[in-house]
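Throughout, read-outs are computed from the coordinates displayed, never taken from laboratory work. Quick caveat: nothing in here was measured; it's all calculated off a predicted structure. FYI the Cβ positions are ideal-geometry reconstructions off the backbone, even for glycines, and counts take in every protein chain you see.
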Ligand SMILES: *Cc1c(COP(=O)(O)O)cnc(C)c1O
């Protein structure tokens, strides 16, 4: 059986967790949290990193930091995970869903300008499959209209737009370390703050609205309640696990990219024959091999492909369902059709992708897909 995902352990996770336990301080912002923050700030030049318990939490922090109020409008793709929208819905915002691009599921930057009103506060972009959105264009539109840009970089660790690391381009970026991501800690996330003006308040919001972070640094002699906030910081046990993964990021990324390239080679002929579409990487985007997906010609064909693979014990899965059509939001959405979002909802299939997947297993999968198309 070839599963869809298998979390990879580097071998050091247990050791670091034990060290964290022995240190006697396993609440948030311990030694390993600092190691993780330093790692990201050094490797990617991020201004300020704050570990959170999830990417969902990091997005909720971003919405609080932007002071989103009831009635504010937030533009984001409909083809995304619910957390991208929920973080802003929790603040009373109205979500203006945008369509995806024709070439890949990322937000169509050319359609953004038309969605902006005097209520628009922010654009949230999602770098789907770790492949960059068209950030120069998006940042320019945001600047001209005085809007904030938040990057949902949940899938985008170690990936770049031109020479800029994703998550480091918008005003803030949110990463996920959920066990389905390239680098994981079971549950986990991080908020990256690229605009200095949010840094102090971010620390406060993350620490229940108190200035405890400044207190622990010795900058003030007692701490108290100074703003609204919640508890967004993870235990140092989670950070210890994460640090073991980060130390191995190059090994993990190298292998994932090999797997991705094997898939691409194995399926290229089907794309040439226009039987399916493979992931599209614009020239400004790098590949972090978060995901390998194919886009079928229609929903029926996708269903057939998923069950043909399943009959060979290969587990491939579809992905997001357009949020503008969801049970929760469909009657809050204006009447615009978002045909590309629906097309990816209906036709995209994700193939097994994890560190320990072997080349022969990839071959088995690509051959099963070839065979499916020969029979149909
Ligand atoms: C995984 C994911 C999230 C949620 O991450 P959590 O850490 O589970 O909260 C949000 N957005 C996108 C695009 C994701 O892929």
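For this structure, a couple of remarks:
- Ordering of 18-31, 154-167 by burial proxy (mean other Cβ atoms within 10 Å per residue, highest first): 154-167, 18-31
- Size descriptor for the range 208-285, Kirkwood hydrodynamic radius: 17.7 Å (Cα pairs only, one decimal).
- Rounded to the nearest 10 degrees, the inclination of helix 13-22 to the longest alpha-carbon principal axis of the chain is 10 degrees.
- Comparing mean-square fluctuations of 168, 11, 266 from a GNM of the chain with C-alpha springs under 10 Å, the top value falls on 11.
- Mean sequence separation of contacting Cα pairs (under 8 Å, at least six apart), scaled by the length of the range 249-375, corresponds to a relative contact order of 36 percent.
- Residue exposure sequence - 79, 284, 328, 320 - by fewest surrounding Cβ within 10 Å: 328, 284, 320, 79
- The angle separating the long axis of helix 236-246 from the principal Cα axis of greatest extent in the chain is about 50 degrees.
- Look at 221, 196 and count the other Cβ atoms within 10 Å of each Cβ; fewest to most, that gives 221, 196.
- Share, in percent, of DSSP beta bridges within the range 68-169 that are antiparallel, nearest 5: 20 percent
- Top of 185, 326, 235 by mean-square fluctuation, Gaussian network on the chain, Cα under 10 Å: 326
- Distance distribution P(r), the range 249-375, all Cα-Cα pairs, bin width 5 angstrom from 0: 2, 10, 18, 21, 18, 13, 9, 6, 3, 0 percent.
- Rg and Dmax over the alpha-carbon atoms of the chain stand at 21.1, 74 Å.
- The long axis of helix 359-375 is offset from the longest Cα principal axis of the chain by roughly 50 degrees.
- When only Cα pairs below 8 angstrom with a gap of at least 6 residues are kept, the chain shows a relative contact order of 23 percent.
- Each of 297, 273, 302, 255 was scored by other Cβ atoms within 10 Å of its Cβ. Listed from fewest to most, they are 273, 297, 255, 302.
- Over the chain, dividing the summed -39,500 (n - 2.57) contributions of all DSSP H runs of at least 4 residues by the number of residues returns a 222 nm mean residue ellipticity of -11500 deg cm²/dmol.
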